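Undergrad: For reference, the structure I am asking about is given below.
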Amino acid sequence: MSHVLTMEDWGKQEIHDLLHKAQCFADNPEKYPFQRLYAANLFFEPSTRTKISFEAAERNLGLDLLHFEADTSSVKKGESLYDTVKTLESIGADVIVIRHGKERYFDELRDHIHIPIINGGDGCGHHPTQSFLDLLTIKQEFGMFENIKVVIAGDIFHSRVARSNMEVLERLGADVYVSGPKEWMNEEMLPRYVPMDEAVELADVMMMLRIQHERHAVKMVAGPEKYHERYGLNEEKASRMKKNSIIMHPAPINRNVELADALVESPRSRIFKQMKNGVFVRMAVLWDVLEKYKGPLWKR
Ligand code: CP
């Protein structure tokens, strides 16, 4: 058995032979016996959907994964985000997906990292692949965005999903409204405010959001029942929605807080379709950035 355990096991000639082989790989990347493209998923915040659907998308495209777990990496020894990403790039990652708690963490990376970075969520900032999957779900339902009335309801201020979606949906021609506690809205959001009772009758899409407790500086005073009654979507309110309107939620869901348990898998709900679409849009995003970076991929 040829293990690689200590340098003492290697004779001088074996060392020179191995160095020669390594130099051949360095000099002739196009002659690797197996042409591979590597993806690395760097998640510094918890995730179920984004992390796993990126992994599924990467595997569907035939990418190889370079595994990274923040808790067992040298981040624990104080390595910076920049040095971690630069390390993955040096090792051979062709594309990197990052979720990080710091808003706009990517500003310090974008001009110095030469492989594509895909943002899997930055603090309260942005979540572009969630937007893409939401857009695909709305397009599948209505065939267009123009004049579709989308109400984004809940903890708008702390939601990167709301921020990404408000901008892009308006640009694509949808009418975007917000609902929920006004103290979780800024001046830019307030002109779009509609009370929940009106929102449910107006909306083609009710996009419900989780309360982002982890991003609140001050603890919420109202309990979950009070919140559900005032701002949540319950069965009574849902019964007043338009015939063809749908319920969306990026998840994770707090059942019976922002959304009644009975509505999560109801006929109006597209929540699990959103998750399924997450794999397809992430495949498309990976393909797009890799093709821009590497050239046409079909020929590979
Ligand atoms: N919607 C979303 O981003 O879910 P995760 O936090 O589980 O990835």
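Undergrad: Going by the conditions given, is ARG110 within 16 Å of the ligand (Cβ to nearest atom), within 20 Å of the chain's Cα centre (by Cα), farther than 28 Å from LYS243 by Cα and basic (Lys, Arg)?
TA: Numbers: within 16 Å of the ligand (Cβ to nearest atom): no; within 20 Å of the chain's Cα centre (by Cα): yes; farther than 28 Å from LYS243 by Cα: yes; basic (Lys, Arg): yes.
No: the conditions fail for ARG110.
Undergrad: Here is a follow-up. Looking only at segment 172-182, count every residue that is more than 24 Å from the chain's Cα centre (by Cα) and within 10 Å of ASP155 (Cβ to Cβ) and tell me the total. Break it down stepwise before answering.
TA: From segment 172-182, those more than 24 Å from the chain's Cα centre (by Cα) are 181-182; that's our starting set.
When the remaining residues are screened for being within 10 Å of ASP155 (Cβ to Cβ), the result is 181.
Adding up the residues that qualify gives 1.
Undergrad: Just give me the residues in segment 164-198 being small (Gly, Ala, Ser) and touching a Leu at 6+ places or on another chain (Cβ under 9 Å), in sequence order.
TA: Residues of segment 164-198 that are small (Gly, Ala, Ser), as a first pass: 164, 173-174, 179-180.
Matches in segment 164-198: GLY180 only.
Undergrad: Could you please tell me which pairs satisfy a Cβ distance under 9 Å, a separation of 6+ or placement on different chains, a first residue in segment 170-183 that is buried (at least 20 other Cβ atoms within 10 Å of the Cβ), and a second residue that is of a type in the set (S, T, N, Q)?
TA: These pairs meet every condition: ALA174/ASN147; VAL176/ASN165.
Undergrad: For segment 115-133, indicate whether the set of residues that are assigned to a helix (DSSP H, G or I), aliphatic (A, V, I, L, M), touching a residue at least 24 places away in the same chain (Cβ under 8 Å) and crowded, with 18+ Cβ neighbours inside 10 Å is non-empty.
TA: Within segment 115-133 (the criterion being assigned to a helix (DSSP H, G or I), aliphatic (A, V, I, L, M), touching a residue at least 24 places away in the same chain (Cβ under 8 Å) and crowded, with 18+ Cβ neighbours inside 10 Å), the answer is yes, since at least one residue qualifies.
Undergrad: Kindly list the number of the only condition in (1) modelled with pLDDT of 95 or more; (2) over 14 Å from the mean Cα position of the chain (by Cα); (3) within 16 Å of the ligand (Cβ to nearest atom) that fails for ALA93.
TA: (3)
Undergrad: Return the pairs, sorted by first residue and then second, in which the second residue is assigned to a loop (DSSP other than H, G, I, E, B), the first residue lies in segment 60-79 and is among the hydrophobic types (A, V, I, L, M, F, W, C), the beta carbons are less than 7 Å apart, and the residues are 6+ apart or on different chains.
TA: Close Cβ pairs (under 7 Å, with a partner that is assigned to a loop (DSSP other than H, G, I, E, B)) amount to LEU63/LEU37; LEU66/ALA93; ALA70/PHE44.
Undergrad: Scan segment 221-260 residue by residue and report those that are loosely packed, with under 13 Cβ neighbours inside 10 Å, modelled with pLDDT of 95 or more and either touching a Ser or Thr at 6+ places or on another chain (Cβ under 6 Å) or not in a loop (DSSP other than H, G, I, E, B) (or both).
TA: Result: GLU235, GLU236.
Undergrad: Please go through segment 63-81 and pick out each residue that is surrounded by fewer than 17 Cβ atoms within 10 Å (Cβ to Cβ), over 22 Å from GLU214 (Cα atoms) and within 20 Å of the chain's Cα centre (by Cα).
TA: Step one: of segment 63-81, the residues surrounded by fewer than 17 Cβ atoms within 10 Å (Cβ to Cβ) are 64-67, 69-74, 76-80.
Next cut, over 22 Å from GLU214 (Cα atoms) only: 64-67, 72-74, 77-80.
Selection gives ASP64, LEU65, LEU66, HIS67.
Undergrad: Which condition does GLY278 not pass, out of (1) away from the ligand (no atom under 15 Å from the Cβ); (2) part of a helix (DSSP H, G or I), if it passes all the others?
TA: (1)
Undergrad: Take GLU55 and decide whether it is within 16 Å of the ligand (Cβ to nearest atom), within 25 Å of ALA284 (Cβ to Cβ) and free of Cβ contacts under 8 Å to residues at least 40 places away in the same chain. Full working, then the answer.
TA: Numbers: within 16 Å of the ligand (Cβ to nearest atom): yes; within 25 Å of ALA284 (Cβ to Cβ): yes; free of Cβ contacts under 8 Å to residues at least 40 places away in the same chain: yes.
So GLU55 passes the test.
Undergrad: Being in contact with a Lys or Arg (Cβ under 9 Å, 6 or more places away or on another chain), more than 12 Å from the ligand (Cβ to nearest atom) and at pLDDT below 95, is that true of even one residue in segment 28-41?
TA: The answer is yes, given that some residue of segment 28-41 is in contact with a Lys or Arg (Cβ under 9 Å, 6 or more places away or on another chain), more than 12 Å from the ligand (Cβ to nearest atom) and at pLDDT below 95.
Undergrad: Name the single residue, out of those in segment 261-296 being among the aliphatic types (A, V, I, L, M) and without any contact (Cβ under 8 Å) to a residue 40 or more places away in the chain, that is surrounded by the fewest Cβ atoms within 10 Å (Cβ to Cβ). Talk me through it step by step, then tell me what you get.
TA: Kept after step one, since they are among the aliphatic types (A, V, I, L, M), are these residues of segment 261-296: 262-264, 271, 275, 279, 281, 283-286, 289-290.
Then keep just the ones that are without any contact (Cβ under 8 Å) to a residue 40 or more places away in the chain; that gives 262-264, 271.
Values: ALA262: 13, LEU263: 24, VAL264: 17, ILE271: 21.
My answer is ALA262.
The values are calculated or read from the model by the stated rules, or taken from the named source; none is laboratory data. None of the values given here were measured: they were computed from a predicted structure. Because the Cβ atoms are built from the backbone with ideal geometry, glycine has one as well, and the counts that use them run over all protein chains shown.
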